[in-house]
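Below: one structure, written as structure tokens.
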Amino acid sequence: MLRQVLTRLSQEPRLRQMTVQNGMMRSMAHRFVAGESLPEAIEVVRQLNARGMHVTLDHLGENVSTQAEAAAAADDYCRMLESISETGVDSNVSLKLTHMGLDLGDEVAYRNTLRVVEAAAGTFVRIDMESANYIDRTLAIFRRLFADHKNVGVGLQSMLYRSEADAEQLVNEGARIRLVKGAYLEPPSVAYSDKADVDAAYVRIMRLLLSRGNYPAIATHDERMIDATKRFALDNAINASRYEFQMLYGIRRDLQMSLTRSEHNVRIYVPFGTEWYPYLMRRMAERPANLMFVLGNIAREAVPTRT
């Protein structure tokens, strides 16, 4: 119920406007978002690299409504890639096709994403998977890009019934896949509603990716999923260099460091930009502990200091 409420709130324009103008909430967002500017994000990348972690940068934004906005988003990604090259930081990039103009048409999103992929010049570009309504179109655009550019990959969500079949096809095509549980509110007609079923599907897809996949990304903060991954890799003599764990900036930093110290490849998903409200609300919906962190900080700020 809490997840449903928070997910719907992420789509509420009036609440969004109130939240982004609230200094306290902007401060709270910085736990999960690496600032609003590219230089701020690059500095966070440097700090994570110094701790032995790789990074994927995401310039926050989705569901743009004009071709000019979509083109500007692609321009921003090209600047990100230029900055990554100039500064020498260890980072690739992740993007959403709705940020590239998918709601305006497949060709719009394809052209803008192609521009980013070509500008990457070998730097890896991950296409995030969005809600279920976009899956077929997302995979079609990914395949068009992948035919000529092998520096592009895609994400899959274990909560969706179809993802095991999608994973099988994509593995056969040589695609690099990021596996997540899924952060969108989906109907029972397309997605598992029980967490146990989502987890079981996650483990099945993880085993497929580790066995036959092309350097998959196992993206989770769930220690049971991480332990299952490590056990399967050990039991099947799969070296840790053949896959990586991915985690979100600001979430389970202790686990991030533990995995890094145990010589696993760890990549941190680092979002930045002014469009942080929907992202923040989805993080709250995914994990109640995140909500408790925010509410606890708000409560502490609200209590006057005694002198």
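The values are calculated or read from the model by the stated rules, or taken from the named source; none is laboratory data. Not measured: the values here are computed from a predicted model. Every residue, glycine as well, gets a Cβ built from its backbone with ideal geometry; the counts of neighbours run over all protein chains shown.
Within the stretch 92-100, does at least one residue satisfy the condition of being surrounded by fewer than 18 Cβ atoms within 10 Å (Cβ to Cβ) and either over 22 Å from ARG144 (Cβ atoms) or touching a helix residue (DSSP H, G or I) at 6+ places or on another chain (Cβ under 6 Å) (or both)?
No; the residues of the stretch 92-100 include none that is surrounded by fewer than 18 Cβ atoms within 10 Å (Cβ to Cβ) and either over 22 Å from ARG144 (Cβ atoms) or touching a helix residue (DSSP H, G or I) at 6+ places or on another chain (Cβ under 6 Å) (or both).
Please work out if GLU107 is without any contact (Cβ under 8 Å) to a residue 24 or more places away in the chain, under 25 Å from GLU82 (Cα atoms), assigned by TED's automatic domain parsing to the domain that holds LEU209 and assigned to a helix (DSSP H, G or I).
Against the criterion (without any contact (Cβ under 8 Å) to a residue 24 or more places away in the chain, under 25 Å from GLU82 (Cα atoms), assigned by TED's automatic domain parsing to the domain that holds LEU209 and assigned to a helix (DSSP H, G or I)), GLU107 qualifies.
Scan the stretch 120-130 residue by residue and report those that are at pLDDT 95 or above and small (Gly, Ala, Ser).
Within the stretch 120-130, just ALA120 meets the criteria.
Tally up the residues in the stretch 13-56 that are at pLDDT below 95, in a loop (DSSP other than H, G, I, E, B) and aliphatic (A, V, I, L, M), please.
2
Mind telling me which of the residues LEU114, LEU145, LEU104 ends up being crowded, with 16+ Cβ neighbours inside 10 Å, in contact with a helix residue (DSSP H, G or I) (Cβ under 8 Å, 6 or more places away or on another chain), farther than 18 Å from GLY61 by Cα and among the aliphatic types (A, V, I, L, M)?
Checking each option against the conditions leaves just LEU145.
If ARG79 passes every condition in (1) modelled with pLDDT of 95 or more; (2) charged (D, E, K, R); (3) under 26 Å from ILE135 (Cβ atoms) but one, which one does it miss?
Against the list (1) modelled with pLDDT of 95 or more; (2) charged (D, E, K, R); (3) under 26 Å from ILE135 (Cβ atoms), ARG79 comes up short only on (3).
Please verify whether ILE135 is more than 16 Å from the chain's Cα centre (by Cα), aliphatic (A, V, I, L, M) and under 22 Å from GLY105 (Cβ atoms), treating the condition exactly as stated.
It is false that ILE135 is more than 16 Å from the chain's Cα centre (by Cα), aliphatic (A, V, I, L, M) and under 22 Å from GLY105 (Cβ atoms).
Let me confirm something: among ALA237, ALA191, ALA200, which residue is without any contact (Cβ under 8 Å) to a residue 60 or more places away in the chain, within 18 Å of GLN157 (Cα to Cα) and surrounded by fewer than 14 Cβ atoms within 10 Å (Cβ to Cβ)?
ALA200
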